[in-house]
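Heads up: the structure comes next, in structure tokens.
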Amino acid sequence: MDINDLRRILTAFADEPSDVDVRLGRIVAQVRDELVEATVHYSTTEDRHLRVVENGQEYTARFWLVNRIARLPQLAERIIAATGQVPDISSKSPFVVPSGQMSADLSSSSDADTAVNDVVETLLSQASAPVPGATSVLYVTSDAGEGKTTVLNRASRVQAQRYKAKQASSLVVPIPLSGRAFLTFDDAVIAALVNKLRFNYLYFDAFIELVKLGVVVPAFDGYEEMLVEGSKGEAVSALGTLVQRLDSSGTVFIAARKAFFEYLSFRTQARLLDAIGDRSAAFGRLALSRWSKDQFCRYGQLRGVEDSLTVYETVATRLGATHPLLTRAVLVRRLFDVLEGVDRTALVDMLGANPHDYFFTFVDAIVKREASEKWLARVAGDVMEPLLQQGEHHQLLAQVALEMWQSSSTSLRHDVLDVVVDIFCEGLNKSGAVTRQVKERIKQHSLLSSETSRGQGVGFDHEDFQNFFLGEGLGLILSKKAITEIRAFLSVNVVPAATVEQSVQYLIRHQTDLMGVFNTIIAINQSEVGYSFCKENCGSLAIRVLECLNEGEAALALRGMFFPSGALGGRVFKRVRFEKCHFQPTHVSNGLFADVVFVDCEFERIEVDLRQPKLLSGVSFSDCRIDSLVVTEEENIYDPMLILESLQALGATVGDGQSTLSTPLLVDNRLKLLERFLRVFLRHTHVDEDIIRLRLGKGFSSSFFDDLLPVLLSENVLEQTSWRGQGVQRRFKLVRPMSEISDALELSRGSFDNFLKILREN
């Protein structure tokens, strides 16, 4: 660290740049209403380190900034206090270390992920070993409820304890984003530091300087809803801006359901790469594995359940060994909560009642226990009766979820919660005594928890439970067929897929007229002009209700609808006609289609598997526009004629005389090689020659370097940058924005010459 770095970092902690004066070997700075005076000099040793002397004590400049100015030891204490509720071995909800898969390094000769037995230690090793000359971004990925938040909080706590014991030199700071797509990272960081950690000594600029020094690693949680295909890219741009500000240094953890480089579309990936600009960044993925049989039994033993193996075998026999009740940490914890004091035969009865709608059965068991054992009121002598019936519990929690949805929040203040209870009890004609008790009991409900980060607030224990009860609330609204009420709900935001599923299950459980609901959704969709949240949500609901209608119904048509990402994956459709519909990127695997017709529809992308030749045998396309067809992870087809030919190979019927090709189409191998090469840049923004040769393999690397590379350099698609490592080799980076390259690929119609022509015109 030189004197200019010291001045820059110190200024980031001050209110104004003029509050810092570093000259003539003296430091005078006003930092947080405190006057700091010290002297600065270089050490007499050969390395000539910068030293700071304050109050007769001498420190290295880095140590002085980190401990005296930034007060990281105090931040470590706050992290330990804030994460005190992290499950531990001695608690009722013990922590079982999950395993995972670490993505292979680009310099590795194999693409296979590396198995890791302890994801917490893997995270901490990444936090303590930053990548020199690049910002390291590590995605912690898994489905909802499989432990991302718990792992990040656990890693933060362990690292803070090691920092206090001088066994670590960096801190992992957990920063919840709560899935708010329009939240900027600077707001999220300050909110986490001040509201959650009660640490108000850092401005965002100072926080960035600490990340660049490698002494702080931000761990952003709740990013999965912000990085999805079909979004407008605000969060992706925010991450790109953050990487730019880090200026090729520091480490960042991001909890998400999918890493950005796993998406198959260059357009989706281009948003982040373009926002990063010319900074150097390296991306990796740590995928959490679902719990195994051993981890399930280990958790049961830590909970004091001696027959945990019997529980596992009972559930596995009834629902299957890969069922979420056995593999998702949040559901396993709740399963053992339900089983406390319950005979194992009751478990068989519970699981057998409604196995296809297991989540309702599971949540209903929790609610039943709450209603019959905890929410009791004394009526006469020792006679106790439930305050609310089981169904009323469902209604109350659904109202709570609906209020959170309308307020776009994951928690409610106590006064707002009281109003919800008042309205609910008044609607059921409950007495004042019952209303008062419900207000008190609701704050301690087993499915709710306190939101200390937002003051006196209450939220659901996990987003799965919030989505479930929100689905029950939506199902009730749909059953009324009230267009105004349904439109108001659907216009708030994109409804989660789990909520859509539970709303339809609610309709099925209550034997609602599905055709009437379907027609209501169609009517609302037709009244919407242009794109809106309501229109996309109508598409999600309509396609799920359509799948559940009786097979005896007449052929149905959906017109002018907008369907979300993955809308056709795993669907079973018979006698359905889609007209002038828009489909976001979707796969068609595990689907069953019979007499399904697409007329004048637009598809952003279809993902298929050519190894299933009869996959689309019951599908017909007529006058449809398909932007791209993904055949393999590294092969995208943009040429319309090639797309039609590939669909025919899968058994689809292509109408309007397009089914026959007048001349055989020539595949431009140069364009396929270019796409394969470009995917190297999805993990690193600057790529070495050796890595390119390794990723392309012996069969393609010589063709690329002999034929393609000179053209790409001359057309200013690539440029050579300086190589600073050992030996002699070349290093490259993209000159043109990835979004322009993506557009050119889509418009090239499978021709490399067309690709270059489009880039020149731009």
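A few points about this structure:
- Annotation note: of V529, V494, the sole residue that is aliphatic (A, V, I, L, M), outside any helix (DSSP H, G or I) and touching a Phe, Trp or Tyr at 6+ places or on another chain (Cβ under 8 Å) is V494.
- Scanning the range 551-606 for residues that are among the basic types (K, R) and assigned to a strand (DSSP E or B) gives R559, K574, R575, R577.
- Of the listed requirements (1) modelled with pLDDT of 85 or more; (2) of a type in the set (V, I, T); (3) surrounded by 17 or more Cβ atoms within 10 Å (Cβ to Cβ), V711 misses just one: (3).
- When residues of the range 289-305 are limited to those that are polar (S, T, N, Q) and part of a helix (DSSP H, G or I), the one surrounded by the fewest Cβ atoms within 10 Å (Cβ to Cβ): Q301
- Among the residues of the range 680-694, those identified as in a helix (DSSP H, G or I) and either at pLDDT 80 or above or surrounded by fewer than 12 Cβ atoms within 10 Å (Cβ to Cβ) (or both) are V680, F681, E689, D690, I691, I692, R693, L694.
- Sole exception among (1) out of contact with any strand residue (DSSP E or B) (no Cβ under 9 Å at 6 or more places or on another chain); (2) at pLDDT 85 or above for P664, by number: (2)
- Filtered by the rule that a residue be under 13 Å from F283 (Cα atoms) and surrounded by fewer than 21 Cβ atoms within 10 Å (Cβ to Cβ), the range 127-141 gives P130, V131.
- Residue within the range 59-68 that is touching a strand residue (DSSP E or B) at 6+ places or on another chain (Cβ under 6 Å), of a type in the set (D, E, K, R) and assigned by TED's automatic domain parsing to the domain that holds R8 present: no
- Test: residue in the range 505-524 that is within 15 Å of P564 (Cβ to Cβ) and either under 24 Å from the mean Cα position of the chain (by Cα) or in contact (Cβ under 8 Å) with a residue 24 or more places away in the chain (or both): yes
- Positions within the range 532-550 being more than 14 Å from L474 (Cβ to Cβ), assigned to a helix (DSSP H, G or I) and of a type in the set (A, V, I, L, M), in sequence order: I543, L546
- Selection of the range 402-427 for residues being surrounded by 14 or more Cβ atoms within 10 Å (Cβ to Cβ) and not in a helix (DSSP H, G or I) yields S409, T410, S411, L412, R413.
- Positions within the range 43-57 being surrounded by 11 or more Cβ atoms within 10 Å (Cβ to Cβ) and at pLDDT 85 or above, in sequence order: L50, R51, V52, V53, E54
- Residues of the range 60-74 satisfying the condition of being in contact with a helix residue (DSSP H, G or I) (Cβ under 8 Å, 6 or more places away or on another chain) and surrounded by 17 or more Cβ atoms within 10 Å (Cβ to Cβ): A61, R62, L65, V66, I69, A70, L72
- For the range 719-729, the count of residues that are modelled with pLDDT of 85 or more, surrounded by fewer than 18 Cβ atoms within 10 Å (Cβ to Cβ) and in a helix (DSSP H, G or I) is zero.
- Residue ID - surrounded by the most Cβ atoms within 10 Å (Cβ to Cβ), chosen from residues in the range 607-620 that are free of Cβ contacts under 8 Å to residues at least 40 places away in the same chain and assigned to a strand (DSSP E or B): V619
- Selection within the range 1-22 - more than 22 Å from F199 (Cβ to Cβ) and outside any helix (DSSP H, G or I): M1, D2, D21, V22
The rows are residues; the columns are (1) at pLDDT 85 or above; (2) among the acidic types (D, E).
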| position | (1), (2) |
| --- | --- |
| C548 | yes, no |
| V572 | yes, no |
| R575 | yes, no |
| H582 | yes, no |
| P585 | yes, no |
| D595 | yes, yes |
| I637 | no, no |
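- Residue satisfying all of: in the range 571-592; buried (at least 21 other Cβ atoms within 10 Å of the Cβ) and aromatic (F, W, Y); nearest to the chain's Cα centre (by Cα) among these: F583
- Tabulated pairs, the range 471-495, first over 20 Å from L397 (Cα atoms), second of a type in the set (S, T, Y) and at pLDDT 90 or above, C-beta under 6 angstrom, 6+ apart or interchain: K481/T520
A quick yes/no check of all residues on (1) farther than 30 Å from F468 by Cα; (2) among the basic types (K, R); (3) touching a Ser or Thr at 6+ places or on another chain (Cβ under 7 Å):
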position: S125; (1), (2), (3): yes, no, no
position: Y139; (1), (2), (3): no, no, no
position: E146; (1), (2), (3): no, no, no
position: K164; (1), (2), (3): yes, yes, no
position: R198; (1), (2), (3): yes, yes, no
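- For the range 737-762, filtering for residues that are part of a helix (DSSP H, G or I) and among the hydroxyl-bearing types (S, T, Y) leaves 2.
The values are calculated or read from the model by the stated rules, or taken from the named source; none is laboratory data. Being a predicted model, the structure only gives us computed values, none of them experimental. With ideal geometry, Cβ positions are generated from the backbone for all residues, glycine too; neighbour counts draw on all protein chains shown.
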